[in-house]
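Only one structure is covered here, and it is reproduced in the block below.
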Amino acid sequence: MTTVVAPVADMQILLDVREWPDGLHDAGRIADLWNMLEPVLHGHDLTRRPRYTLGHPNGDVHIALARLAPGADPVVGPSTTFQIVGMLEPAKVRYRCQGCAAEGRERYGSFTCRDCGTDALDKRLCDVHARILDGALISTCAAHEPTCAECGATATFRCAGGRCQRQKAHCDRHRRTHPSGSDRSYCPSCYDAQFPACEQGGCTNMGTARCEVTEVGLRQCGVRMCAQHLRRWQVFGGEGLGLALCRRHHRELPGYSPPVLIRQIVAGAYLRSRRRRDAEPLPSLRGFGHSLRRAGHTELALDFRWILRTIDAAQHDLTGTGGRDSEGVLALVQRRHGRWDDEIKKIAAGNDRGAELVERLKILVRHAIPVHGDVIAANLSLADYNRPRAHRDGDRPGLLFVRVPEAYRGIFIGRQGALIRYFSEQLSQGEQGGVRVQIEGDKRGSR
Ligand SMILES: [Zn+2]
Ligand SMILES: [Zn+2]
Ligand SMILES: [Zn+2]
Ligand SMILES: [Zn+2]
Ligand SMILES: [Zn+2]
Ligand SMILES: [Zn+2]
């Protein structure tokens with residue numbers, strides 16, 4: 001039986017020619033190199049070192065023994081046979097930087113130029129030759145170096161603003177940095193849109209609030225103010241966030257007629273509800289009355305039927321144009337209407353009770369004030385009665401607002417309020433929760 005064994009060379013060799021400048025691309029050149037190297041190895045035991053380095057003017061070549069055939073002599077001699085089983089060649093730089101190539105070097109190019117519009121291998125750029133501006137990882141080549149969108153100067157950053165979306169480039173002269181000092185930069189127009197200035201000259205705060213007064217229809221004034229310089233029109237009660245007013249509207253508002261004031265409140269509440277789901281609801285009728293009273297309209301402030309009619313008229317006014325806003329305003333007013341109707345009923349009942357209390361007050365006045373008592377009692381009338389209310393931090397007494405002629409107010413109140421306190425105490429006896437007498441429209445009173 002014969003076994004045919006493929007002829008195996010004495011030594012299988014690995015050639016490391018990574019430092020060889022041009023690499024070795026064909027078998028002929030490898031053979032030439034090997035013929036040059038082999039005599040140098042004669043007499044060396046290749047098993048003794050992991051690799052042999054042979055200096056060559058072109059670059060060092062390293063030789064390692066991969067396998068010694070069984071029984072073969074480890075020392076290289078003229079009869080030793082070789083087989084080159086592996087070559088380590090210089091890594092081919094597939095993506096070569098075009099800039100480095102132009103300077104006679106070879107370097108990996110990890111970037112492409114956005115504006116060359118190609119992914120061609122020879123258009124690659126290394127991190128030195130790619131131009132990458134602040135603000136966006138967009139690279140360009142030297143020929144496509146970005147210029148400022150505003151002035152054409154060499155650009156230094158890409159704008160983080162909403163309009164530019166980090167695509168447009170700008171120069172340092174047209175750079176505005178983020179107000180909080182973060183490293184984002186903006187072009188002037190994006191900056192103004194994103195960080196509007198406060199209307200107050202010289203104020204450096206951001207104008208985060210807009211004036212909520214409406215001019216024509218539902219168009220809001222919109223003047224920008226910072227939190228420090230805005231004024232609030234407290235139309236939603238003490239706990240609600242009042243409508244923001246610019247300087248001009250803060251000045252002009254007290255001159256508005258009562259129907260206009262009511263329309264402003266309806267429009268302001270609607271526009272808020274359009275922006276925020278948790279927006280303040282329309283005020284109660286007393287809430288509207290409170291805003292009218294503060295603007296000096298004391299009589300209308302208590303005419304709740306007139307207030308309700310005027311709210312309805314305002315709604316008509318605002319929905320005249322049709323469209324989505326019309327439906328919105330209508331829905332907002334309708335949502336509140338049931339409660340206003342109830343409020344009117346309660347106020348009527350309260351006023352009946354208030355009228356009774358005023359009759360008792362007149363008797364007290366006649367007895368307590370010797371000289372002017374009769375005259376004062378004759379001129380005393382009910383302005384409004386808010387019944388006592390249970391409240392989470394203690395019950396609130398009823399508030400009996402009475403009209404007293406200006407000339408007699410001092411006497412009615414008494415020294416340091418002694419007399420008006422006495423009236424309150426007397427009337428409280430018949431009213432659960434107590435009663436506080438207050439003069440309607442009096443500066444000393446709370447309204
Ligand atoms: Zn380069
Ligand atoms: Zn380019
Ligand atoms: Zn510029
Ligand atoms: Zn911009
Ligand atoms: Zn300001
Ligand atoms: Zn305004």
Checking the condition free of Cβ contacts under 8 Å to residues at least 60 places away in the same chain, of a type outside the set (Asp, Glu) and in the same structural domain as Arg415 (by TED's automatic domain parsing), which residue from Arg335, Arg305, Arg366 passes? Arg366
Do we find that Val75 is at pLDDT 90 or above and either closer than 30 Å to Val128 by Cα or loosely packed, with under 15 Cβ neighbours inside 10 Å (or both) in this structure? yes
Check Gly322, Gly338, Gly394, Gly328 and return the single one that is more than 27 Å from Gln429 (Cβ to Cβ), out of contact with any strand residue (DSSP E or B) (no Cβ under 7 Å at 6 or more places or on another chain) and not in a helix (DSSP H, G or I). Gly322
Pull up region 229-280, narrow it to residues that are hydroxyl-bearing (Ser, Thr, Tyr) and within 17 Å of Ala295 (Cβ to Cβ), then point me to the one that is farthest from ligand 6 (Cβ to nearest atom). Ser257
I need a count of the residues in region 171-188 that are modelled with pLDDT of 90 or more and surrounded by fewer than 18 Cβ atoms within 10 Å (Cβ to Cβ). 3
Mind listing just one residue for me: the one in region 194-235 that is within 26 Å of Asp317 (Cβ to Cβ) and of a type in the set (Val, Ile, Thr) and, of those, surrounded by the fewest Cβ atoms within 10 Å (Cβ to Cβ)? Val216
How many of the residues making up region 140-177 are within 13 Å of ligand 4 (Cβ to nearest atom) and either in contact (Cβ under 8 Å) with a residue 12 or more places away in the chain or aliphatic (A, V, I, L, M) (or both)? 21
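Please enumerate the residues belonging to region 397-415 that are in contact with a Pro (Cβ under 7 Å, 6 or more places away or on another chain) and not in a strand (DSSP E or B). Outline the logic, then answer.
To start, the set of residues in region 397-415 that are in contact with a Pro (Cβ under 7 Å, 6 or more places away or on another chain) comprises 397-398.
Scanning region 397-415 gives a single hit, Pro397.
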Taking region 132-159, which residues are surrounded by 14 or more Cβ atoms within 10 Å (Cβ to Cβ), under 31 Å from the mean Cα position of the chain (by Cα) and away from ligand 3 (no atom under 16 Å from the Cβ)? Ile132, Ala136, Ile138, Ser139
Inside region 252-266, can you point out the residues that are in a helix (DSSP H, G or I) and over 17 Å from Leu308 (Cβ atoms)? Glu252, Leu253, Pro254, Gly255
Return yes when Ser182 is small (Gly, Ala, Ser), away from ligand 6 (no atom under 16 Å from the Cβ) and assigned to a helix (DSSP H, G or I) and no when it is not. no
Of all residues in region 376-391, which are of a type in the set (S, T, N, Q) and assigned to a helix (DSSP H, G or I)? Asn379
Whether any residue in region 159-173 is polar (S, T, N, Q) and farther than 25 Å from Cys97 by Cβ is what I want to check. yes
Scan Gly237, Gly222 and give me the residue that is part of a loop (DSSP other than H, G, I, E, B) and at pLDDT 90 or above. Gly222
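Rundown of residues vs (1) in contact with a Pro (Cβ under 6 Å, 6 or more places away or on another chain); (2) among the hydrophobic types (A, V, I, L, M, F, W, C); (3) modelled with pLDDT of 90 or more, yes/no style:
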residue	(1), (2), (3)
Arg67	no, no, no
Leu88	no, yes, no
Tyr95	no, no, no
Ala169	yes, yes, yes
Which ones in region 38-89 are touching a residue at least 40 places away in the same chain (Cβ under 8 Å), small (Gly, Ala, Ser) and outside any strand (DSSP E or B)? Gly59, Ala69, Ala72
Gly441 passes all but one of (1) crowded, with 19+ Cβ neighbours inside 10 Å; (2) closer than 23 Å to Ala378 by Cβ; which number fails? (1)
Name, by its number, the condition in (1) part of a loop (DSSP other than H, G, I, E, B); (2) buried (at least 19 other Cβ atoms within 10 Å of the Cβ) that does not hold for Tyr191. (1)
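The values are calculated or read from the model by the stated rules, or taken from the named source; none is laboratory data. None of the values given here were measured: they were computed from a predicted structure. All Cβ positions, glycine included, derive from the backbone under ideal geometry; neighbour counts span all protein chains shown.
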